Protein chains: 2
Amino acid sequence: MTTTLDTTTDPYHSRTTAEWEATPRIDPVVWGDVASGPLDEARCTSYEKNGYLVAHELFSQRETTALHAEAERLAAEAEPGPGVVIEPESRAVRSLFRLHETSELFRCVASDPRLLDVARQLLGGEVYVHQSRINFKPAFDGKEFFWHSDFETWHVEDGMPRMRAVSVSLFLTASTEFNGALLLVPGSHKTFIRCVGETPENHHEKSLKKQEFGVPCPEAMRMLVDHGGMDSARGPAGSAVFFECNTMHGSSGNLSPWPRTNFFIVYNSVENRLVEPFGGTPARPAFLGDRDATPVGAWNETRGR
Amino acid sequence: MTTTLDTTTDPYHSRTTAEWEATPRIDPVVWGDVASGPLDEARCTSYEKNGYLVAHELFSQRETTALHAEAERLAAEAEPGPGVVIEPESRAVRSLFRLHETSELFRCVASDPRLLDVARQLLGGEVYVHQSRINFKPAFDGKEFFWHSDFETWHVEDGMPRMRAVSVSLFLTASTEFNGALLLVPGSHKTFIRCVGETPENHHEKSLKKQEFGVPCPEAMRMLVDHGGMDSARGPAGSAVFFECNTMHGSSGNLSPWPRTNFFIVYNSVENRLVEPFGGTPARPAFLGDRDATPVGAWNETRGR
């Protein structure tokens, strides 16, 4: 914490104030138009209003089965190290990062038009992958993940300047009320919550298991839910939820005998590439926030795959 | 652990075998008949099949509001001690026991015909209160409770001979998919799962916060859920769920801004009163398993209230 934090010109400064604050979003939500992608006007309007969109069975059962098998294989072979997050207590693999670099199959998914064209439409132009990972929420003892806005962390700890990114969670298993489906607060993407507390050194080493900084306080959450309510993203395997980078989300634990596994990709606009972290700490490792903004559309040329 | 456990004549012995076992229930589920109480044939059949029954808005909003206020008052005034369980970490009150003895209002609820007559019908005759308590699952950090059969514990640790008890959870707040509603496995009451592991001394001092013995293993749970699926007991405040003492149940954590509070009463048949605990450990304190089997119908005479 050596840098003086810019609370005068940075509209999204956070972890800088003694009390939490709510400030209106100043960026558009949908950057493209209806003509530029697969989403029709009703879907665009819904995303603009709620900050997320669930697309049922976007991928076929056959595709999803193959992806799930690959995810299981990668988890079984994973060695502890950066980009591999182990569940506290049970020692099960919780997340595997940078799948678009390490797995040919998941790289194909990240460049699949069913996801990519939606991301391009929402973000108004070419995009690159800021982060990708598989999230495993194991049966019986999958742990909950508290509410947070991804953008808050990406802005403060990675240096993402503005709200011009979208996350996709592709369900590799069915997501139900019982196995820890993604919970979302509709409309929360229109308010930026400044969180309280300075960022500790190497915060990400702990925050991937249990986040303690950059999380909204109860009062902030109560305000957002009073206004927008709460929803869960449920659907059969192969479904996907697209959610805006500032949409407040979390997930409950998993007491069911059904694991919940998803592939998570963050698309960021190439016009929103990372700068120095706004929180003044060193940038997090590339597996969390890629600083190589090569557009997905240029993958074939530049990386020869 | 000085007593030799009776694995030859006790049909429901548990924590006695090296591996888990499933054994069929040998007791009736519905002990009374349709003529003997408020439940019609369809409701009796459903309870017999599933092991639980949800009754929506059994108590009025006005009654529920008064009960909830009383619950909050009792929690605010509670001093640490037996019958008062504090949430690990947050220090919030999680459970208050023996409400039918300590609160005039909750004593009235326990003897209210809307609950009592159903219990009498299901259990085929006069009943007494084995245990009563308020369960608080606070907003944002209410903790999950893993799957278990109450009867397993009551048999092993309290000495309840047979499956002839019913629990009622009366919702003092709405119970939703988001605030840790009771989860149940339909049909699970028809199978007794023998759990693995000896009971430690004074087990209840820990098990009320996090149960580690008398819980089914993942394989047992998988078998039950494969067979019966999973359900959640949801409804507005004033609703109640009646569930059979051997129905496998649990609840997720509560990430929502809405606390989940309920009043929980266990009715046991007077013909099923407690004997020596079948697990060989000393009986648990009276707030967990009352050894005074005075029928609720005789409360006015014997206790003069």
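Read-outs throughout are calculated quantities, based only on the coordinates presented, and are distinct from any laboratory measurement. If you're wondering where the values come from, they're calculated on a predicted model, not measured in any experiment. Cβ sites come from the backbone with ideal geometry, for glycine too, and all protein chains shown count toward neighbours.
Which FRET efficiency, nearest 0.05, do A:His56 and B:Asn202 yield, Cβ-Cβ r, R0 56 Å?
0.65
Put the label 7 Å from Cα along Cα→Cβ for B:Glu77; what are its distances to the other copies, in nanometres, shortest first?
Once sorted, the set of distances for B:Glu77 reads 6.5 nm.
Compute the label-point distances linking B:Thr65 to its equivalents in the other copies; points lie 7 Å from Cα along Cα→Cβ; give nm, one decimal, shortest first.
Taking the point 7 Å beyond Cα along Cα→Cβ, the inter-copy spacings are 5.6 nm.
Could you work out the relative contact order of the stretch B:1-148, using alpha carbon pairs under 8 angstrom and six or more residues apart, expressed as a whole percent?
26
Would you mind giving the mean number of other chain beta-carbons within 10 Å of the Cβ of each residue in B:250-256, as a whole number?
What the average comes to for B:250-256 is 6.
Can you tell me the alpha carbon radius of gyration of the stretch B:11-92 divided by the globular rule-of-thumb value 2.2 N^0.38 Å? If you can, show how the numbers build up before the last one.
Values: Rg = 20.2 Å, N = 82, 2.2 N^0.38 = 11.7 Å.
Dividing the Cα radius of gyration by 2.2 N^0.38 Å gives 1.72.
Helix check for chain B. Which DSSP H runs span at least 20 Å along their own axis by Cα, with a mean Kyte-Doolittle hydropathy no less than -1.0? Display every interim value, and only then the final one.
Details: long enough: B:61-77 (24 Å, -0.85).
Counting only whole DSSP H runs, the qualifying helices are B:61-77.
Place +1 on the Cβ of every Lys and Arg and -1 on the Cβ of every Asp and Glu in the protein assembly as shown, take the dipole about the Cα centre, and give the residue among B:His68, A:Leu58, A:Ser103 whose Cα lies farthest towards its positive end.
Farthest towards the positive end: A:Leu58.
7 Å from Cα along Cα→Cβ at both B:Lys49 and B:Arg114: what's the point-to-point distance in nm?
2.7
Sort A:113-126, B:64-77, B:18-31 by the packing proxy (mean of other Cβ within 10 Å over each peptide's residues), most packed first.
Details: A:113-126: 20.0, B:64-77: 16.5, B:18-31: 14.4.
Per-residue mean Cβ counts within 10 Å order the peptides as A:113-126, B:64-77, B:18-31.
Would you mind getting me the FRET efficiency between A:Arg291 and A:Asp226? Use the beta-carbon distance for r and R0 = 35 Å, nearest 0.05.
Here the calculated transfer efficiency is 0.35.
When all alpha-carbon pairs of the stretch B:220-305 are counted, what percent fall beyond 22 Å? Could the numbers behind the result be given before it?
Working: 1918 of 3655 pairs.
Of all Cα-Cα pairs in the stretch B:220-305, 52 percent lie more than 22 Å apart.
Just how far, in whole angstrom, is the stretch A:235-268 from the stretch B:179-209 if you go by their alpha carbon centroids?
Spelled out, the Cα-based centre of one part sits 30 Å from the other.
How much mean residue ellipticity at 222 nm does the protein assembly as shown get from its helices, if each DSSP H run of length 4 or more adds -39500 (n - 2.57) and you divide by all residues, to the nearest 500 deg cm²/dmol? Walk me through the intermediate numbers first.
Working: 18 runs with 146 residues, N = 610.
Estimated from H runs of four or more residues: -6500 deg cm²/dmol.
Quick check: Cα centre of the stretch A:89-159 to Cα centre of the stretch B:1-50, how many Å?
47
Please give the FRET efficiency for A:Arg91 paired with A:Glu276, using the beta carbon to beta carbon distance and R0 = 35 Å, rounded to the nearest 0.05. The partial results should precede the final answer.
Numbers: r = 36 Å, r/R0 = 1.02.
E between A:Arg91 and A:Glu276, to the nearest 0.05, is 0.45.
Got the A:Arg114 label distances to the other copies yet, label 7 Å along Cα→Cβ, in nm, shortest first?
4.9
Sort all Cα-Cα distances of the stretch A:1-56 into consecutive 10 angstrom bins from zero, then give the percent of pairs in each bin up to the one containing the longest distance.
Pairs per bin, as whole percents: 18, 34, 22, 21, 6.
Only Cα pairs under 8 Å and at least 6 apart count here; give the relative contact order of chain A as a rounded whole percent.
33
So what are the three principal axis dimensions of chain B from its Cα atoms, in whole Å, longest to shortest?
52, 49, 41
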